[in-house]
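Working notes, beginning with the structure itself.
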């Protein structure tokens with residue numbers, strides 16, 4: 001017998017492999033939209049999609065596509081690609097978690113990039129539920145669409161209606177599928193909203209992953225269990241609903257596992273089968289009957305855990321019922337005290353409103369006073385700024401007028417000098433070179449050279465005919481910048497001819513202290529208040545300086561000291577003041593003051609008594 005057991009196990013494994021080879025093909029598309037761009041983020045859809053997708057994979061689906069946070073283009077693409085996979089499948093399931101909206105009786109799924117500013121945007125920015133039904137329609141045996149999209153829709157609160165009579169529902173509208181073997185499961189019945197829950201996953205998704213993958217459990221009964229679980233979890237506030245119909249045969253999402261017969265069967269197979277039946281029933285009586293039959297063992301421990309779970313749920317439901325009754329009692333008592341409470345509330349509200357009015361009036365007066373003071377300060381500041389601007393413009397105009405006058409005087413002086421040079425040149429040209437040289441004196445020749453040196457910018461003093469050191473330096477500068485070698489000590493006609501041959505300035509413009517070059521003219525340097533022109537012809541700030549002793553003060557002090565030393569010491573009467581390094585005091589009676597050799601200038605006095 002022991003030798004036949006391996007052969008029997010091998011035959012059983014081959015039978016299971018052949019059964020898997022001919023099993024139906026099942027595909028699923030799972031979509032979860034949480035990260036909406038124009039409304040608040042939903043906490044659970046992405047988590048629910050991951051949980052449900054994992055459930056389909058564990059159930060042995062051939063293809064499970066999990067898509068998260070899809071925009072409108074991505075949702076269209078996902079449904080289009082899944083429709084192609086459904087053509088070759090026996091079972092096709094679409095699960096969607098996120099926002100949905102009902103407009104004029106038609107349900108729409110909302111992608112993450114939707115704005116929905118007006119009701120007409122629904123047609124362009126969302127996908128109708130019929131698009132999901134179209135995607136699962138090619139499946140041969142079962143077409144299932146599960147919608148956890150009945151949440152309270154924030155788009156409906158801000159959406160503008162282009163037609164006042166257009167209806168926008170709170171949840172999703174009732175749907176009657178036209179294709180056979182098609183089911184549409186809503187997280188909440190038509191016209192109501194679903195809860196997102198306080199946990200990581202919504203109550204609807206949590207119940208789905210617990211009930212749907214039960215092997216061999218008919219879908220209609222599985223969704224009945226889901227309904228019961230969600231009702232209990234939400235305190236009977238949310239009721240899932242299923243639309244559509246199936247045939248008379250049981251249709252399960254996960255096929256029942258085959259049980260091997262014969263002496264080689266697993267001894268726990270009967271216990272497991274009874275456990276699965278009790279699990280499908282999910283009641284206290286079912287688990288109690290199972291434990292009565294199998295009081296110990298692995299499955300018995302699991303059954304005890306299920307009983308503990310039911311007990312915890314009953315305790316929670318009882319607590320919720322007590323809380324509801326307490327709320328009802330509280331409401332009843334509140335109704336009894338309504339009149340008195342309303343009167344007191346009205347009186348308190350009136351007093352609060354009056355206090356608020358008085359406070360608002362005071363605050364208004366304070367703000368008006370502040371605004372008036374600020375406006376007065378603004379006007380005063382603008383007036384001060386206007387006066388300062390006017391004073392500045394007046395000062396700038398006066399400075400500009402003074403500079404213009406100085407420039408005009410310099411220009412007139414240069415015009416006069418040029419006219420003098422022209423007259424002298426005409427005078428020289430009127431005579432022959434020999435006669436002019438012999439007829440002009442040395443002073444006139446020097447004056448002509450000086451005038452030409454001024455014209456080319458090498459002489460800044462007047463052309464007075466005195467060929468002095470300044471004139472010699474000017475000719476030296478001309479030699480430097482013109483490349484000539486005339487004797488600077490003599491004003492010659494050769495130098496005069498060479499200078500006259502220069503049409504414009506040769507030497508750079510050199511201005512006196514306090515002036516600066518401006519083209520061919522020197523203009524006075526103007527410093528602002530508190531500044532003066534220094535030795536480098538730059539404006540510097542005026543600094544207060546302490547008086548310094550001069551040479552004359554020192555000479556006068558020495559003369560006074562010598563005069564004092566020449567006078568002999570005389571006795572002084574009592575009452576005189578004696579001053580020395582120790583300080584000053586009255587002279588004692590019968591004593592006199594004797595000056596030292598250096599007198600009173602820097603020395604000390606001595607008191608001598610007879």
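Readers should treat all values here as calculations from the given coordinates under stated rules, not as data from a laboratory. What you are looking at is a predicted structure, and each value in this text was computed from that prediction instead of being measured. Here the Cβ positions follow ideal geometry from the backbone for every residue, glycine too, while neighbour counts run over all protein chains shown.
Here's the picture: a label point sits 7 Å out from the Cα of residue 120 along the beta-carbon direction, and within the stretch 143-177 the residues with their amide nitrogen under 19 Å of it are 156, 158-168. Treating r as the C-beta distance of residue 485 and residue 516 and R0 as 25 Å, the FRET efficiency rounds to 0.20.
Efficiency by 1/(1 + (r/R0)^6): what FRET value for residue 360 and residue 559, r their Cβ-Cβ distance, R0 = 60 Å, to the nearest 0.05?
Working: r = 89 Å, r/R0 = 1.48.
It comes out at approximately 0.10.
The fraction of all Cα pairs in the stretch 431-507 landing in successive 5 Å bins from 0 to the largest distance is 3, 18, 31, 26, 13, 7, 1, given as whole percents. Taking label points 7 Å from Cα along the Cα-to-Cβ direction, residue 589 and residue 385 give a separation of 8.1 nm.
Go through 173-180, 46-53, 484-491 and give me the packing order, highest mean Cβ count within 10 Å leading. Can you show the working numbers first?
Values: 173-180: 13.5, 46-53: 22.6, 484-491: 15.2.
Highest to lowest by the protection proxy: 46-53, 484-491, 173-180.
Take every pair of alpha-carbon atoms less than 8 Å apart whose residues are at least six positions apart; their mean separation over the length of the stretch 61-111 yields a relative contact order of 34 percent.
Applying a 10 Å radius around every beta-carbon, put 458-471, 381-394, 192-205, 496-509 in order of their mean neighbour count, most first.
Details: 458-471: 16.5, 381-394: 10.0, 192-205: 21.0, 496-509: 14.9.
Those peptides, ordered most packed to least, come out 192-205, 458-471, 496-509, 381-394.
Starting from 0.36 nm per residue, how many nanometres of slack lie between residue 343 and residue 408 once their C-alpha separation is accounted for?
Contour length minus the Cα-Cα distance gives 13.9 nm.
Please give, to one decimal in nm, the separation of the simple spin-label points placed at residue 332 and residue 220, each 7 Å out from Cα toward the Cβ. Output for this residue pair reads 4.2 nm.
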